[in-house]
Amino acid sequence: QVQLVESGGGTVQPGASLRLSCAASGRRLYAITWFRQAPGKEREFVGGITWSDGHIYYADTAKGRFTISRDNIKNTMYLQMTGLKPEDTGIYYCAANRAGGYRPISVDTEYDYWGLGTQVTVSS
């Protein structure tokens with residue numbers, strides 16, 4: 001069984017930065033990814049990494065402001081967010097899926113494991 005533990009959320013002012021962490025434990029994974037869900041909206045892809053080759057993917061809304069990195073020893077993936085905007089507010093979820101061939105990284109139904117989420121609020 002895979003466990004995902006998110007941390008690093010909080011309340012910040014517009015323009016500030018936050019770093020989210022997702023610590024993964026368990027079996028071999030294909031990808032670890034961040035999704036977010038704002039109040040009243042559908043869950044959306046933010047960015048992710050395929051664990052075997054380290055290829056990183058971003059949603060258009062994240063490009064240029066968010067950076068994904070990983071620590072292979074700690075089995076942890078990070079989401080560094082800069083220039084935060086009020087529309088970045090939401091619950092950020094870490095998700096992972098099992099290794100076993102290509103799976104589209106931005107589709108939430110392709111993920112087998114989910115963390116409990118961490119709240120990010122951007123407000124002045």
Discussion item. Under a Cβ-only charge scheme (Lys and Arg +1, Asp and Glu -1), can you give me the dipole magnitude of the chain about the Cα centre, in debye to the nearest 20?
Written reply: 240 debye
Worksheet item: Among all the lysines, which ones have a C-alpha under 23 Å from Lys85's C-alpha, if same-chain residues fewer than 8 places away are not counted?
Response: Lys41, Lys63
Practice prompt. Summarise the accessible area of the chain (1.4 Å probe, protein heavy atoms) by the percent that is carbon and sulfur.
Written response: 47 percent
Item to complete: For Lys74, go through the aspartates and glutamates and keep the ones whose alpha-carbon is under 17 Å away, minus same-chain ones fewer than eight residues off.
Response: Glu6, Asp53
Worksheet item: Which of the GluC sites (Glu not before Pro) across region 22-124 are loop residues per DSSP, with 16 or fewer other Cβ within 10 Å?
Response: Glu42
Fill in: Loop-resident sites, region 75-114, for chymotrypsin sites (Phe, Trp or Tyr not before Pro), counting at most 15 other Cβ within 10 Å (DSSP)
Tyr102
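The values are calculated or read from the model by the stated rules, or taken from the named source; none is laboratory data. Model, not experiment: these values are computed from the prediction. Ideal geometry is used to build each Cβ from the backbone, glycine not excepted, and the neighbour counts take in all protein chains shown. Please note that ligands, DNA and RNA were not included when accessible areas were found on the heavy atoms of the full protein model with its side chains. Shrake-Rupley method; radii C 1.70, N 1.55, O 1.52, S 1.80 Å.
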